[in-house]
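The values are calculated or read from the model by the stated rules, or taken from the named source; none is laboratory data. Keep in mind that what you see is a predicted model, and the values were worked out from it rather than measured. Note that we place each Cβ from the backbone using ideal geometry, even for glycine, and neighbour counts take in every protein chain shown.
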Amino acid sequence: MKKQKGADSIRKQLLRWLLIPIASLCLVSAIISYIIAINITTEAYDAALLEGARELANRLQVNHGQIVLDLPPSALAIFKEDKVDKYYYVVFDDLGRLIGGDSEILPTVDRLHGQRINGDSRFFNREVNKTNVRIVCMRTAVPGQNNRNATIYLAETVLKRQGLINEILGAVVLPQLCLISLATLAVWFGVARGLAPLEGVRQAIARRTQWDLRPVTEVVRAPIEIQPLVSAIDDLLRRLNEDIESQHRFVANAAHQLRTPLAGLKTQIELAQRADNKAELSNFLKQVNHSVDNVTRLVNQLLSLAKLEPASAWFVPQSEFDLNQVIKEATSDLVPSAVNKNIDLGFEGCNEPAIIKGDVSSIRELVTNLIDNAIRYTQPGGKVTVKLAVNNNAEDLSRNQHVIDLLVEDDGPGIPAAEREKVFERFYRVLGNNVPGSGLGLAIVKEIVQAHDAKIWIDCGEAGKGTVASVRFPASSAK
């Protein structure tokens, strides 16, 4: 199956939406844990470093008026003994003179010595010999000499601190990484299992032929989450099946309707070829011309009906126009047909614009078919009247504040009540009349009416005589 360009996998989307938040939470947790580990480690080791500075303070003495540090080599060795970190110290008296210490730390201490110390001690992060160290500066009184003070700087490398921080961070991060890995596997296989029904639906549809339009729900059991999708597919298949059946009926009926007039036309041409004189030939040619007119009308109606298939679903109203003008033009075009049958054809329009929205050519064809149908079925000397009115009291005013009614009245033989709905079916013709026709005119009218969200119905005329075809259009805008 070819992938659609720009399509994304549901599995990938779920992995992103589930794992990205989990990974983000783990990252935030690791950062917070790292900060907490630094604070805990710093607090613990700073306390130990300060305690070391106090031990040095306990070794201070005053000898001959000068402050000295009583720290023999053996004690110094014990003080600095550590297998991981190194210690550096310097001590200054109250006059700023160096009492003792390590020369490696002096350059760093010289830059700190002038800084003010709030309280008894202060901590600094610096470098000694290009190695990070933690320094405590403590100002203290010489034991037994409250009037004499000294300043002690004690530095410690941070290897043990960093090691403890890394251990704490590892203890937090490693389980989280394991959690993310397990979550990824669980989501991956869980999504695969959850999407399995979709694959079942896909296979059920893929195995079908182009003629199998049964509902999908008849052959596969879909989970609740995708039942709306399957229902939509079933609805599409149902409508497609209806359209195909409609096309089949249309083609079958069209073939049947065309076969008879074409056969008659062929017979008339053959008879014309055998004519013995000009008068007889002229008579046959008139019949041929009449048959050609009928066939032409039938073909045009079939094409119009095919244009509106299937069920006018493609049709979208294009413009707003005044129905008065369209009906006036259609009525004028049919005046010659009415005159030929000695029929009084009239039009009673609105005194105000009757604006509707739709396709002008389709509406004109609707009006033409209704008037032509009335003229055909009205006896010579009869009357056909076309009326247009704005109706403000219609029942369907819930959607529109007003509607527009088109009425085509005639005083012909009328249509029995039982057949008034059937006349809108294709190729249906009322029995008992000799009026030529294909039975497609009102079918075309019905399709156009549906495409414009209008309504059509047929009633009898005044005093139960004749026919009234009524079309109700929704007005384009409220007034």
TODO: State the number of residues belonging to the range 330-360 that are closer than 20 Å to GLN379 by Cα, touching a strand residue (DSSP E or B) at 6+ places or on another chain (Cβ under 9 Å) and not polar (S, T, N, Q).
DONE: 9
- [ ] Give the residues of the range 185-223 that are closer than 20 Å to GLN13 by Cβ and either in contact with a helix residue (DSSP H, G or I) (Cβ under 6 Å, 6 or more places away or on another chain) or in the same structural domain as TRP17 (by TED's automatic domain parsing) (or both), sorted by residue number.
- [x] VAL187, VAL191, PRO223
Open item on the list: Here is a list: VAL191, VAL173. Which entry is part of a helix (DSSP H, G or I), among the β-branched types (Val, Ile, Thr) and modelled with pLDDT of 80 or more?
Closed with: VAL173
Open item on the list: Just checking: which of the strands (runs of 3 or more DSSP E) contained wholly in the range 107-168 hold 3 or more residues that are at pLDDT 85 or above and surrounded by fewer than 16 Cβ atoms within 10 Å (Cβ to Cβ)?
Closed with: 121-128, 131-142
Task: Residue among ALA183, ALA204 that is surrounded by 12 or more Cβ atoms within 10 Å (Cβ to Cβ) and modelled with pLDDT under 80 - done: ALA204
Task: Output for the range 145-184, where each listed residue is without any contact (Cβ under 8 Å) to a residue 24 or more places away in the chain and over 30 Å from LEU19 (Cα atoms) - done: ASN146, ASN147, GLN162
Open item on the list: Would you confirm, using the coordinates I've provided, whether LEU98 is in contact with a strand residue (DSSP E or B) (Cβ under 7 Å, 6 or more places away or on another chain) and either touching a residue at least 60 places away in the same chain (Cβ under 8 Å) or exposed (fewer than 15 other Cβ atoms within 10 Å of the Cβ) (or both)?
Closed with: yes
Open item on the list: With the condition being more than 14 Å from VAL445 (Cβ to Cβ), among the aliphatic types (A, V, I, L, M) and modelled with pLDDT under 85, I'd like the helices (runs of 4 or more DSSP H) fully within the range 275-385 carrying at least 3 qualifying residues.
Closed with: 278-307
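Condition check ((1) under 57 Å from the mean Cα position of the chain (by Cα); (2) closer than 15 Å to ALA57 by Cα) across all residues:
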position: LYS130; (1), (2): no, no
position: VAL133; (1), (2): no, no
position: VAL142; (1), (2): no, yes
position: ILE152; (1), (2): no, yes
position: GLU156; (1), (2): no, no
position: GLN162; (1), (2): yes, no
position: ALA171; (1), (2): yes, no
position: CYS178; (1), (2): yes, no
position: SER181; (1), (2): yes, no
- [ ] Enumerate the strands (runs of 3 or more DSSP E) found wholly within the range 1-104, keeping only those where 1 or more residues are within 60 Å of the chain's Cα centre (by Cα) and not polar (S, T, N, Q).
- [x] none
